[in-house]
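Accompanying notes for the structure given below.
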């Protein structure tokens, strides 16, 4: 597994590359990092070149804490630069939650470079200006909380939200590993991510779904009712889509049901990959 740093303007993106074969870009969720995919990358590295990117405000990626470097479109441009630097013309994309929003945004901007798309517990954003305005305010409030209270207190609060209720079923060791990963991030980085790359700040990509002709796999956990509803609506609009609902799982399928997750992802990639 190689660590690579790719400079994009004033930012330095940290990228973990492992394995060989068709390229698969994996994008973590909010409070995660490239390390969030370590187990998964090891599982797939015999068949794919897995490219895990630290998104701005997370992990070891360094970027100026402003909208110019954190906006969804700017991040997608940076991912294109990263793939160019790695001499990769096309790749499959897998994104979890925030990373899924990013992967979908990238696929709408650069569809010719994406062979297939896997969205785990992800959305195309919010449909209305009103919804985006309200969410932007709540994201800004949470960002201020992180800055004033610090990463430890924020993590306590974040782990207690209903979205992650099902993770209480995980082993103590797994929960501790997830928590330690979250605590590796900085308060400033997470706050900037919320302010400039949060669901309230990004464009809505709902209208772009009908024009996205690449194969898409939507993954949701059976206990994650909000994202099941979102995926059900997305399925009506995407031309080439499969929606799989994973039993005994909530939002973070890759940690709650890792074997089922790996199997479904591999089957989809083997079916839709180009060498």
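Structure values in brief
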{"item": "Helices (runs of 4 or more DSSP H) fully within segment 214-275 counting 2 or more residues that are within 14 Å of residue 122 (Cα to Cα)", "result": "225-237, 253-256"}
{"item": "Every residue from segment 3-32 that is on the phi < 0 side of the Ramachandran plot and in a loop (DSSP other than H, G, I, E, B)", "result": "10, 20, 22, 28, 29, 30, 32"}
{"item": "Test: residue 218 is closer than 18 Å to residue 72 by Cβ and at pLDDT 95 or above", "result": "no"}
{"item": "Residues satisfying the stated conditions in segment 157-176, i.e. part of a helix (DSSP H, G or I) and surrounded by 15 or more Cβ atoms within 10 Å (Cβ to Cβ)", "result": "158, 159, 163, 164, 166, 167, 175"}
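The values are calculated or read from the model by the stated rules, or taken from the named source; none is laboratory data. Predicted model, so just to flag it, every value in this text is computed and none were measured. Here the Cβ is made from the backbone with ideal geometry for all residues, glycine too, and neighbour counts use every protein chain on show.
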